[in-house]
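Step one of this worksheet: look at the structure below.
Computed from the coordinates by the stated procedures, all read-outs in this text should not be read as laboratory data. All figures in this text were calculated on a predicted structure; none of them were measured in a lab. Backbone-built Cβ (ideal geometry, glycine too); neighbour counts: all protein chains shown.
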Amino acid sequence: MEKIASFTIDHNKLLPGAYVSRKDHVGDHVVTTFDLRFTAPNREPVINTAEIHTIEHLAATFLRNHKDFKDKTIYFGPMGCRTGFYLLLAGNYESKDIVPLLKDMFQFCADFEGEVPGASAKDCGNYRDMNLPMAKYIAKKYVVEVLDNITEERLVYPQ
């Protein structure tokens, strides 16, 4: 069986960043999948489930309400390895194209106050597994340490 593309990236060299993982053609349209890597795989701790779940709720809410991207957002959710998130957008994008969106989205997460959207038994299958203070910390860390001064090595997968 052939390896899928994401398993061909050398995770030992991968830094926290925002990468184009793949581009798929669906009819006449392109769907761009982004790898939003928050931690250095196998070298830094992964994100705990409560924090990753909270960021998922906040970021998905942000995207689905964004004036320019609400109709282009196909999916936002955590990676199984818990080192980051996948974002799928309708359109042909490069990583640098969405840095402003990512800064706004994760700053929204970092600044969020109040009840996490969808954090109720009626709205979520595991609503108790949330940690807003730590989610805010992780989102802010990604903005400050990765997005604010992002370089090419954090926008293009390592060779």
Quiz item: Ordered by packing density, taken as the mean number of other Cβ atoms within 10 Å over each peptide's residues, highest first, how do 113-119, 137-143, 83-89, 22-28 rank?
Solution: 83-89, 137-143, 113-119, 22-28
Practice problem: For the chain, give the magnitude of the charge dipole about the Cα centre (Cβ charges: +1 Lys/Arg, -1 Asp/Glu; no others), in debye to the nearest 20. | Solution: 180
Quiz item: How far is it, in nm, from the label point at Arg82 to the one at Ala50 when both lie 7 Å from their Cα along the line to the Cβ?
Solution: 1.2
Quiz prompt | Inter-label distance, nm, simple model (7 Å from Cα along the C-beta direction), Arg128/Arg22 | solution = 3.6
Practice problem: Provide, in order from the shortest bin, the percent of all Cα-Cα pairs of segment 14-148 in each 10 Å bin, continuing until the bin that contains the maximum pair distance. | Solution: 12, 45, 34, 9, 0
Exercise. Measure nothing but the geometry: give the 0 to 90° angle between the long axis through the Cα atoms of 99-111 and the longest principal axis through the Cα atoms of the chain, rounded to 10°.
Key: 20
Quiz item: Given a Förster distance of 25 angstrom, what is the FRET efficiency for Lys140 paired with Ser120, based on the Cβ-Cβ distance and rounded to 0.05?
Solution: 0.50
Exercise. Give the calculated FRET efficiency between Asn149 and Leu15 to the nearest 0.05, with a Förster radius of 22 Å applied to their Cβ-Cβ distance.
Key: 0.95
Self-check item: Alpha carbon centroid spacing (whole Å) that separates segment 62-112 from segment 116-158
Solution: 10
Self-check item: segment 50-86: trypsin sites (Lys or Arg not before Pro) falling in loop per DSSP and having at most 12 other Cβ within 10 Å
Solution: Lys67, Lys70
Exercise. Would you work out which of His25, Ile55, Leu101 lies farthest towards the positive end of the dipole of the chain, given +1 charges on the beta-carbon of Lys and Arg and -1 on that of Asp and Glu, about the Cα centre?
Key: Ile55
